[in-house]
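Input: a single structure, listed below in structure tokens.
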Amino acid sequence: MSTLPRIAFIGLGNMGGPMAVNLHKAGYTVCSFDLSTVALEKAREQGLETATSAMAAIDDAQVVISMLPASRHVEALYLGEMGVMSQLAPGALVIDCSTIAPASAQKVAAAAQACGTSMIDAPVSGGVAGATAGTLTFIVGGEAAALERARPVLQAMGKNIFHMGDAGAGQVAKLCNNMALGVIMAVTGEAIALGVAHGLDPKALSQMMAVSTSRSWATEVCNPWPGVLENAPASRGYSGGFGNDLMLKDMGLAVEAAMGIGATIPLGELARNLYAMNKQAGRGGLDFSSVVKLLNDKA
Ligand code: NAD
């Protein structure tokens, strides 16, 4: 019989689905749940146990992992009379990998403590490709002892683990990363659009930038101009990748986090508006690099 902890995995979307599969491949017994019957069917095909509700999935679980869209989904899962937190086995460990508001993560962590369980916030970086390959970066907030218990489980899904501080600190760090990414993507698109308007070849310009001082993930991996990088979302009609709406959510969380402490993030606020405009232009479901289309509709 396996000595590995039994895991409940809630939220089998683009990220959660492959993460749960990697735990299963590593030998963990994973009981999974999602509101989508399609996601549940896919999980069964890949060898995971499935449950008919979140409450049923957590039965006997020593570790609960959630990968849900936003704060309200995470709070609804864990808190209140219908929430699973109060039903967890004593000593259970909660790992929330969703990207949510730091204040929301702190609220769930406080509820965990009140119930005699532990919780870490462990949002991820690495996208769907990283979730599938098991190479995610986990950005963790919470007690060091809880992270040590979580570490083997996180290692089955990822490559890098950073402990940023107390509850909510993982979410703060994740928002800092994504705010910078959002700004860098927008300005990279702006620069390439400027070059193209002057008659430059976008591929030649991007190749130069990718080895020069403006190099970044946006020039090397996810170039926003179609046809520059074969595997980038831009070269397949901006499908797949990291959705504009998710980037807009993260930029909104960064703005809220800044306002909460009176910090100023002028570029972050400007870029948040660009992703809001891109959504209004009908591209909310496309990869966030489609923001370049606001600047040059040839993209
Ligand atoms: P997704 O929309 O593909 O998946 C979310 C899943 O949660 C869906 O299958 C949905 O049915 C399910 N769900 C919603 N409420 C539920 C509930 N109460 N109970 C059970 N299931 C429920 O989203 P995703 O792309 O997997 O992203 C998940 C989180 O990871 C988000 O917070 C996102 O910001 C973050 N993230 C995403 C990426 C990415 O590249 N997609 C990268 C890093 C971080």
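The values are calculated or read from the model by the stated rules, or taken from the named source; none is laboratory data. Everything numeric here is computed off the predicted structure, so don't read it as measured data. No Cβ is skipped: glycine too gets one built from the backbone with ideal geometry, and neighbour counts run over all protein chains shown. Side chains included, ligands, DNA and RNA excluded: accessible areas come from the protein's heavy atoms. Shrake-Rupley method; radii C 1.70, N 1.55, O 1.52, S 1.80 Å.
Counting Lys and Arg as +1 and Asp and Glu as -1, each charge on the Cβ, what is the dipole of the chain about the Cα centre in debye, to the nearest 20? Can you show the working numbers first?
Details: 19 positive and 23 negative charges, 101 e Å.
Approximately 480 debye in magnitude.
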Worksheet item: One-quarter of the Cα convex hull surface for the chain, in nm²?
Response: 16.0 nm²
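Give me the extension gain from Ser53 to Ala110: residue separation times 0.36 nm, minus the current Cα-Cα distance, reported in nm with one decimal.
On the way: separation 57, 0.36 × 57 = 20.52 nm, distance 2.39 nm.
Extending this stretch completely gives an extra 18.1 nm.
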Discussion item. Quick check on the chain: helices-only [θ] at 222 nm, where DSSP H runs of length 4 and up contribute -39,500 (n - 2.57) each and the sum goes over total residues. Nearest 500, please.
Written reply: -14000 deg cm²/dmol
Worksheet item: At a Förster radius of 30 Å, what calculated FRET efficiency corresponds to the Cβ-Cβ distance of Asp201 and Asp297, to the nearest 0.05?
Response: 0.95
Worksheet entry | Entries of Lys174/Lys298; Lys159/Lys249; Lys249/Lys293; Lys42/Lys293; Lys159/Lys279; Lys42/Lys159 with Cα pairs more than 28 Å apart | Lys174/Lys298; Lys42/Lys293; Lys159/Lys279
Fill in: Heavy-atom accessible area ranking, 1.4 Å probe, most first, across Trp225, Trp217
Trp217, Trp225
Discussion item. Within segment 184-299, what whole-number % of the accessible surface is contributed by carbon and sulfur, with the 1.4 Å probe and all protein chains included in the calculation?
Written reply: 59 percent
Response to the item:
Eigenvalues of the alpha-carbon gyration tensor of segment 172-294, times 5 and square-rooted, give semi-axes in Å, largest first, of 25, 16, 12
Discussion item. Under a crude label model (7 Å from the Cα following the beta-carbon direction), how far is Asn160 from Ile261 in nanometres?
Written reply: 2.2 nm
Worksheet, complete the sentence: If unit charges are put on Cβ atoms (+1 for Lys and Arg, -1 for Asp and Glu) and the dipole of segment 26-76 is taken about its Cα centre, the option from Thr52, Thr29, Ser66 lying farthest towards the positive end turns out to be Ser66
Response to the item:
Over the Cα atoms of segment 7-166 the radius of gyration and the largest Cα-Cα distance (Dmax), both in Å, equal 13.9, 38
